[in-house]
Amino acid sequence: QVQLVESGGGLVQPGGSLRLSCAASGSIFGTATMGWYRQAPGNQREWVTTITSDGRTYYADSVKGRFTISRDNAKNTVYLQMNSLKPEDTAVYYCKMTLLRDYWGQGTQVTVSS
């Protein structure tokens, strides 16, 4: 059974940075596509970024140039470096693994506020 555990969320001022981590259990991490999604109160969950098993990355326009996704297959971990944070980035951030099916983490809260 795959489990995903996110960490690194918190409260940060506008313009600040945070790095989220998502640690995966199991042995399939290296062959899986990993992604980050977010959901703000009252909104639907939205896609943020994806990294494929061979390292290709894709970003939503709203975060392009500010967020960076990366992965460490030796540690079964995917990261989301978030810079130049804005209040509209406030949301619960979820990690997703895709390999034959989707697996989701429990989410970590990111709040951008002064």
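Bear in mind these aren't lab numbers, they're just calculated from the coordinates by the rules spelled out. It should be emphasised that the depicted structure is a prediction, and the values quoted were computed from it without experimental measurement. Counting neighbours? That spans all protein chains shown, and the Cβs are built from the backbone with ideal geometry, glycine included.
Odds and ends about this structure:
- Sites T57 and S84, calculated FRET efficiency, Cβ-Cβ separation with R0 22 Å, nearest 0.05: 0.80
- For the chain: relative contact order, % (alpha-carbon pairs under 8 angstrom, 6 or more apart): 37
- Compactness check for segment 4-54: Cα Rg over 2.2 N^0.38 Å is 1.36.
- 15 Å beta-carbon shell around A23, net charge (K/R +1, D/E -1): +2
- Charged-residue dipole, Cβ positions (Lys, Arg, Asp, Glu), the chain about Cα centre, Debye nearest 20: 100
- For S84, the shell of other residues with beta-carbons less than 15 Å away shows a net charge of +1, using +1 for Lys and Arg and -1 for Asp and Glu.
- log₁₀ of I(q)/I(0) at q = 0.14, 0.21 Å⁻¹ - the chain, Debye sum with one point per alpha carbon: -0.51, -1.12
- Available extension along the chain between V2 and T98 is 33.5 nm, counting 0.36 nm per residue and deducting the alpha carbon span.
- Whole-number percent relative contact order across segment 8-62, with pairs defined as alpha carbons under 8 Å at least 6 apart: 22
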